[in-house]
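To start, the structure itself, in structure tokens.
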There are 2 protein chains.
Amino acid sequence: MLEHGGRLLRAVRQYGIARECWLDLSSGIAPWAYPIPPIPVDAWARLPETEDGLEEAARRYYGTHQLLPVAGSQAAIQALPLLRPLGRVGVLTPCYAEHPHAWQRAGHQLIELDEAQVDGMLDSLDVLVLVNPNNPTGRRVPRERLLDWHARLAERGAWLVVDEAFIDNTPEHSVIDCAERAGLIVLRSFGKFFGLAGVRLGFVAAELALLQRLADLLGPWTVSGPTRVLAQASFADTLAHRLQIDRCAAASQRLAALLARTGLAPSGGCDLFQYVRSEQAAPLHDFLARRGILVRLFDQPSAVRLGLPASAADEQRLAQALTDYHKESA
Amino acid sequence: MLEHGGRLLRAVRQYGIARECWLDLSSGIAPWAYPIPPIPVDAWARLPETEDGLEEAARRYYGTHQLLPVAGSQAAIQALPLLRPLGRVGVLTPCYAEHPHAWQRAGHQLIELDEAQVDGMLDSLDVLVLVNPNNPTGRRVPRERLLDWHARLAERGAWLVVDEAFIDNTPEHSVIDCAERAGLIVLRSFGKFFGLAGVRLGFVAAELALLQRLADLLGPWTVSGPTRVLAQASFADTLAHRLQIDRCAAASQRLAALLARTGLAPSGGCDLFQYVRSEQAAPLHDFLARRGILVRLFDQPSAVRLGLPASAADEQRLAQALTDYHKESA
């Protein structure tokens with residue numbers, strides 16, 4: 001298993017701080033969960049059924065005609081490498097680690113690329129995989145460039161896989177409206193923007209033939225009944241979408257300013273997290289953890305990622321800890 | 001996608017009968033759902049974490065030390081064929097169709113067997129797969145025979161896969177207490193006995209090295225947060241286990257008697273369903289559906305499977321329809 005944020009139970013054991021005392025900023029999940037609607041007993045009791053309204057609500061929300069609900073975009077990340085012959089797979093790095101892990105495990109040849117290398121390598125790739133905006137750096141590749149890359153790849157039957165897990169805050173940058181084009185595969189995550197990562201829901205938008213192969217590989221009933229009910233309510237609550245976009249943007253800007261004030265100016269970020277490159281990432285992570293604040297540590301390159309504090313009190317607690325760290329390390 | 005029970009929305013469209021008017025007996029799921037406990041917001045909002053108490057509760061309930069929660073035993077059915085080199089896979093037939101489908105799709109050579117053929121073929125198989133008690137026939141292979149087959153298979157590094165999706169009603173027949181032996185893989189389904197098929201939960205018990213490979217293949221966060229909370233409550237409610245066992249047994253016996261009275265004596269069954277072989281299965285299925293009663297139709301061999309009616313009123317409704325069918329077809 002790879003390392004991930006959100007492992008609070010481990011931090012509880014490691015630092016001897018009770019669960020309820022932690023400020024967990026280790027994931028990039030919006031800290032304001034959409035309301036949980038009433039879930040009818042049937043949703044828990046019966047086998048889930050497709051086309052119960054979820055697919056229709058998702059098609060409207062995402063603005064695409066063809067999509068497949070999956071048990072978190074993670075499920076698609078694991079399955080896609082099994083749906084084509086072994087080949088050369090370029091991954092824009094640094095990248096959410098599950099992508100290269102899945103392609104490599106399936107036997108594909110992995111080629112790590114930075115954005116400047118893509119144009120030169122594109123014609124030799126069978127698949128190009130990227131996260132947009134990227135996790136953890138926040139780097140964003142412009143939509144026009146992505147569609148250009150896709151067009152070149154598609155000429156040879158190659159794929160462009162765009163993981164848009166963090167794009168709901170800035171949907172104007174999404175390419176999901178083009179996902180019916182052969183060879184363009186767009187992944188969306190439900191849990192991050194809606195603040196409901198426990199429900200395990202994601203979507204894949206792509207051409208129909210590929211979605212059918214993916215559905216066959218993943219099998220029936222992948223998404224739970226309660227999740228199907230809850231997601232329909234969340235998608236329909238369009239007023240709340242605007243509110244969530246606005247408060248994430250404001251909180252992310254405040255977080256960036258706070259980091260800059262304490263000598264940790266972010267090197268990137270998006271509306272759901274900030275990313276700080278620092279040779280001192282490991283001691284910073286440990287310093288914060290000893291104060292019950294969990295952030296996500298990365299090794300290569302050395303960096304931390306901080307999710308959004310949910311309240312002024314949480315911001316203040318983080319600010320105090322970072323100020324102390326700044327003094328001690330000065 | 002293969003055919004399955006529980007497709008009520010399709011029946012609604014096909015027969016023009018409103019959803020709430022149906023008596024759905026098309027699945028083998030207990031018709032009395034365990035109570036849904038309060039689900040804390042964190043379970044919906046945060047990424048699920050392992051070893052939050054679910055694994056421990058499951059180890060106690062199933063009586064085994066080593067198991068892996070999965071998103072329904074279906075997830076394990078799809079994954080197991082990817083965890084060994086291509087080989088000769090015997091499947092005890094008729095069998096829940098997802099098993100042969102998954103092994104065949106992965107490229108293994110499929111050999112359909114009846115129980116009498118197993119002893120002669122066993123030494124030439126790399127894997128033997130069976131459902132016990134079987135779905136849909138209800139046939140049960142004695143525990144001693146299974147352990148004997150396993151011992152012979154394990155000598156050569158071959159596997160015995162026992163899908164015990166319907167065994168919670170008769171746990172004394174389970175082999176899960178032996179699942180730490182190399183090459184014995186036991187699948188359990190949470191939803192059927194607990195009447196909570198919408199939550200997508202199953203367990204795999206096997207030797208630790210195999211569970212680790214399976215966990216890596218399936219990836220992180222496969223089981224949703226609310227499901228993890230709910231299942232812990234269900235496992236802990238031991239008084240309710242006895243009640244569920246007793247009322248399923250009584251309802252299944254009444255169902256068998258009712259079928260026999262109307263000329264449809266079951267050819268098999270277990271405490272969660274009855275199975276009726278009949279050349280007239282298709283017309284019977286259609287006759288019942290036109291009266292808003294959904295049963296599961298099988299082609300090869302021609303048969304229907306009926307789940308348990310939840311109440312005396314449902315039993316009476318089924319009895320009346322079967323009596324009418326008996327008269328009309330007499």
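The number of residues in the range B:55-79 being under 14 Å from B:GLY202 (Cα atoms), more than 10 Å from chain A (Cβ to nearest Cβ) and either touching a Leu at 6+ places or on another chain (Cβ under 9 Å) or acidic (Asp, Glu) (or both) comes to 10. Within the range A:1-37, which residues are among the aliphatic types (A, V, I, L, M), more than 8 Å from chain B (Cβ to nearest Cβ) and in a loop (DSSP other than H, G, I, E, B)? Across the range A:1-37, the qualifying residues are A:ILE17, A:ALA18, A:LEU25, A:ALA30. Residues in the range A:124-144 that are in a loop (DSSP other than H, G, I, E, B) and in contact (Cβ under 8 Å) with a residue 40 or more places away in the chain: A:ASP126, A:ASN132, A:PRO133, A:ASN134, A:ASN135, A:PRO136, A:THR137, A:GLY138, A:ARG139, A:ARG140, A:VAL141.
Only one entry in A:GLY195, A:GLY191, A:GLY219, A:GLY202 is without any contact (Cβ under 8 Å) to a residue 40 or more places away in the chain and more than 18 Å from A:ALA158 (Cβ to Cβ), namely A:GLY219. Just a yes or no: is a residue in the range B:186-197 away from chain A (no Cβ under 14 Å), outside any loop (DSSP other than H, G, I, E, B) and modelled with pLDDT of 95 or more? Within the range B:186-197, one or more residues are away from chain A (no Cβ under 14 Å), outside any loop (DSSP other than H, G, I, E, B) and modelled with pLDDT of 95 or more. With a requirement of 3 or more residues that are under 26 Å from A:HIS173 (Cβ atoms), the strands (runs of 3 or more DSSP E) lying completely within the range A:216-330 that satisfy it span A:268-270, A:273-277, A:303-307. Being among the hydrophobic types (A, V, I, L, M, F, W, C) and crowded, with 22+ Cβ neighbours inside 10 Å is the filter; apply it to the range A:260-283 and report the residue that is farthest from A:GLN316 (Cα to Cα). Of everything passing the filter in the range A:260-283, A:CYS270 is farthest from A:GLN316 (Cα to Cα). The one condition from (1) touching a residue at least 40 places away in the same chain (Cβ under 8 Å); (2) touching a His at 6+ places or on another chain (Cβ under 8 Å) that B:ARG59 does not meet is (1).
Residues checked against (1) over 19 Å from A:ARG140 (Cα atoms); (2) touching a Ser or Thr at 6+ places or on another chain (Cβ under 8 Å); (3) away from chain B (no Cβ under 14 Å):
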residue	(1), (2), (3)
A:LEU230	yes, no, no
A:ARG242	yes, no, yes
A:SER252	no, no, yes
A:GLY269	no, yes, yes
A:VAL276	no, yes, yes
A:GLU279	yes, yes, yes
A:LEU284	yes, yes, yes
A:VAL304	no, yes, yes
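One residue alone among B:SER302, B:SER267 is farther than 23 Å from B:ILE167 by Cα and out of contact with any Gly (no Cβ under 8 Å at 6 or more places or on another chain), and that residue is B:SER302.
Pairs linking a residue in the range B:38-49 that is within 7 Å of chain A (Cβ to nearest Cβ) and on the phi < 0 side of the Ramachandran plot to a residue that is assigned to a helix (DSSP H, G or I) and of a type in the set (A, V, I, L, M), with Cβ atoms under 7 Å and 6 or more positions apart or on different chains, are B:ALA43/B:VAL229; B:TRP44/A:VAL199; B:ALA45/A:ALA197; B:ARG46/A:ALA197; B:LEU47/A:ALA197; B:GLU49/A:LEU8; B:GLU49/A:LEU9.
The values are calculated or read from the model by the stated rules, or taken from the named source; none is laboratory data. The model shown is predicted, which means the values in this text are computed figures rather than measured ones. Counting neighbours? That spans all protein chains shown, and the Cβs are built from the backbone with ideal geometry, glycine included.
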